[in-house]
Amino acid sequence: MAGATQGRGGGLAEDFERDLHIERQTLNMGPSHPATHGTVKFLVELDGENIADIDVQVGYLHRGFEKECESGSWYQAIPYTDRLNYNSAVLANVGFCLAVEKLLGLETPIRCQWQRVLASELSRVGDHLTRCGAACLELQAMTPFLYGIEARELIWDLLESLCGARVTSNYVRIGGVKHAMPESFPAQCRELLSKIRALLADFDAVVTSNRIFVDRLKDTGVISQQDCLRYAVTGPILRSTGVPLDLRKAEPYLTYAEIDFDVPIGEVGDNYDRYLVCVEEMQQSLRIVEQCLAKLEELGPGPVDTLDLRVRWPAKARVFDQMEGLIQQFKSVTEGPRVPAGEGYLAIESANGELGFYLVSDGSEVPTKVRCRPPSFINLAPMPLMLRGALLADLIPTFDFINMIGGECDR
């Protein structure tokens with residue numbers, strides 16, 4: 001009988017599998033699954049509870065960010081960049097405006113540069129708080145989620161005081177920022193920073209050494225340095241593998257070369273390392289914010305826009321009188337600047353990694369080509385590599401700490 005069985009099926013294991021009708025299951029997650037954040041679909045092939053393969057499908061937002069930018073003036077593209085990543089809108093503002101200023105050959109006033117760094121780092125902290133808080137929530141840890149969201153609300157309070165809006169701020173302008181830092185902002189900022197640090201300490205006490213949390217993250221979603229470099233992955237994911245690449249250090253822009261901060265790195269490249277990197281990056285960003293406040297207080301009042309430099313601060317450069325300045329401002333806002341013909345690329349370090357803009361101008365007030373290099377889209381590519389052979393339950397924390405934002409992924 002044993003010989004006959006081996007002859008028919010090739011072995012007892014094959015017969016057993018065939019008789020029990022064991023086969024892989026295909027599972028559709030998203031695009032409306034709450035853990036997929038609304039605009040991504042996972043086509044998961046399961047072998048029991050293990051992921052045999054996964055196909056990540058993006059593009060369900062259907063927004064066409066790049067073509068929207070090409071349909072209006074350079075100025076009119078700024079609110080579109082706000083919506084690339086709703087967790088850190090200022091960072092996208094800064095990246096786009098720096099790319100346009102590169103084509104213009106324009107250097108912004110020093111106060112503007114410090115204010116941009118200040119707003120960028122507040123946005124970075126808000127982004128990391130959302131990422132870590134949402135990851136806790138989706139792992140059924142409600143208390144640390146509340147700590148993280150409370151801290152994020154304080155960050156948004158500061159952004160509202162500085163920019164005039166909490167989420168999509170539309171704060172950065174081509175050649176400057178919307179307005180100078182309010183006089184009351186430094187005191188308010190220092191007060192809230194102490195509260196944010198206290199909440200981060202509470203968050204750390206509840207989560208970082210929690211046995212269940214550590215078990216869900218450690219040795220899951222692992223990716224190597226070589227695979228990160230092969231897929232052009234950047235940001236906390238790359239740094240979690242031990243590569244200290246941060247554009248604020250590697251290719252300093254604005255005033256980052258003058259600022260003292262560290263670049264945290266991991267060792268293993270798993271979800272737990274990515275969590276630790278994000279937590280430490282928040283502490284470093286708060287250090288940067290404090291240095292920006294001290295520098296802006298030292299500089300005192302002054303121009304925060306190139307137009308201010310020409311018009312409102314005539315001691316610096318008497319180019320326009322007041323009426324001509326108002327006319328110039330009106331035309332700049334309604335028509336936008338005429339950017340010299342040419343092309344260029346500029347990238348910044350966003351909360352997720354390298355966020356770059358490749359721009360082409362034909363010399364008019366409307367961009368010929370706007371191409372975004374979004375970290376979310378690039379970082380999502382090796383997700384199948386990180387999850388093959390893992391448990392289905394490992395998909396959620398891995399996706400959380402990749403921190404995919406649909407607005408960045410849509411072309």
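None of the figures in this text is laboratory data; all of them are computed from the coordinates on show. None of the values given here were measured: they were computed from a predicted structure. For neighbour counting, all protein chains shown are included, and Cβ atoms are generated from backbone atoms with ideal geometry for every residue, glycine included.
Angle check, please: helix 185-207 long axis (alpha carbons) against the longest principal axis of the chain (alpha carbons), in degrees 0 to 90, nearest 10.
Long axis of 185-207 versus the principal axis of the chain: about 10 degrees.
About its Cα centre, what dipole magnitude does the stretch 57-409 give when the only charges are +1 on Lys and Arg Cβ and -1 on Asp and Glu Cβ, stated in debye to the nearest 20?
Once rounded to the nearest 20, the dipole reads 480 debye.
Compute the relative contact order of the stretch 57-409 as a whole-number percentage, counting only Cα pairs closer than 8 Å that sit 6 or more residues apart in sequence.
It comes to 26 percent, rounded to a whole number.
Once you have the Cα-Cα distance between A198 and R230, take 0.36 nm times their residue separation minus that, and quote the gain in nm to one decimal.
7.6 nm
Specify the inter-centroid distance of the stretch 114-172 and the stretch 344-366, based on alpha-carbon positions, in whole Å.
That distance is 24 Å.
Using alpha-carbon positions, what is the distance between the centroids of the stretch 232-257 and the stretch 374-407, in Å?
Value for the Cα centre distance between the two parts: 20 Å.
Quick check: pseudo-label points 7 Å beyond the Cα along Cα→Cβ at N210 and T368, how many nm apart are they?
Taking the simple label geometry, N210 and T368 are separated by 5.4 nm.
Could you state the angle between the C-alpha long axis of helix 89-104 and the longest principal axis of the C-alpha atoms of the chain, as a value from 0 to 90 degrees rounded to the nearest 10?
With both axes taken from Cα atoms, the answer is about 60 degrees.
Quick check of the Kirkwood formula: for the chain, what is the inverse mean of 1/r over all pairs of different Cα atoms, in Å?
23.0 Å
Per 5 Å bin from zero, what fraction in whole % of the C-alpha pairs of the stretch 16-98 is there, up to the bin with the longest pair?
Whole-percent P(r) values from 0 Å outward: 3, 12, 15, 15, 13, 10, 9, 8, 5, 4, 3, 2, 1, 0.
Given just the C-alpha atoms of the stretch 150-298, how large is their convex hull per residue in cubic angstrom? Working shown, then result.
Values: hull volume 20.7 nm³, N = 149.
Convex hull volume per residue, Cα atoms: 139 Å³.
Where does helix 110-138 land angle-wise versus the long Cα axis of the chain, in degrees 0 to 90, nearest 10?
Taking Cα atoms only, the helix is inclined about 20 degrees.
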